[in-house]
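Below you'll find the structure, written out as structure tokens, and then a few comments.
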Amino acid sequence: MYIFKAAGTDITHLNPHRATLLGHSMDIPVVNGDFDKLSAKLRDFIKKNVELCKPKALWICDGSEEEDKKLRDLLVDEGLLMRLPKYKNW
């Protein structure tokens, strides 16, 4: 689980059917994952850290290969990650 906030990166457009995290004066989109399916302890942890970090959106990681590729592609598109060429091993 990560609270994703990168300078200049807006991920709120990635899931048009997003849920919204409400409570404690928070109203931020959850663009990946289902906040309501998390345990109460984890939801409380997220709410506390959302108040502290004030992200634009929340991305709940599922650890899949598809998600890994989507996040890496997003970071490359935003200029925050650079693909390196594959070198021949000796």
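The values are calculated or read from the model by the stated rules, or taken from the named source; none is laboratory data. Computed from a predicted model, the values in this text were never measured in an experiment. FYI the Cβ positions are ideal-geometry reconstructions off the backbone, even for glycines, and counts take in every protein chain you see.
A few notes on this one:
- There is no residue in segment 63-74 that is surrounded by 10 or more Cβ atoms within 10 Å (Cβ to Cβ) and touching a Pro at 6+ places or on another chain (Cβ under 8 Å).
- The number of residues in segment 43-72 that are in contact with a Phe, Trp or Tyr (Cβ under 9 Å, 6 or more places away or on another chain) and over 28 Å from ARG83 (Cα atoms) comes to 2.
- Check on VAL76, of a type in the set (Val, Ile, Thr) and in contact with a His (Cβ under 9 Å, 6 or more places away or on another chain): no
- Among (1) in contact with a strand residue (DSSP E or B) (Cβ under 9 Å, 6 or more places away or on another chain); (2) in a helix (DSSP H, G or I); (3) at pLDDT below 85; (4) not aromatic (Phe, Trp, Tyr), the one test that LYS47 misses: (3)
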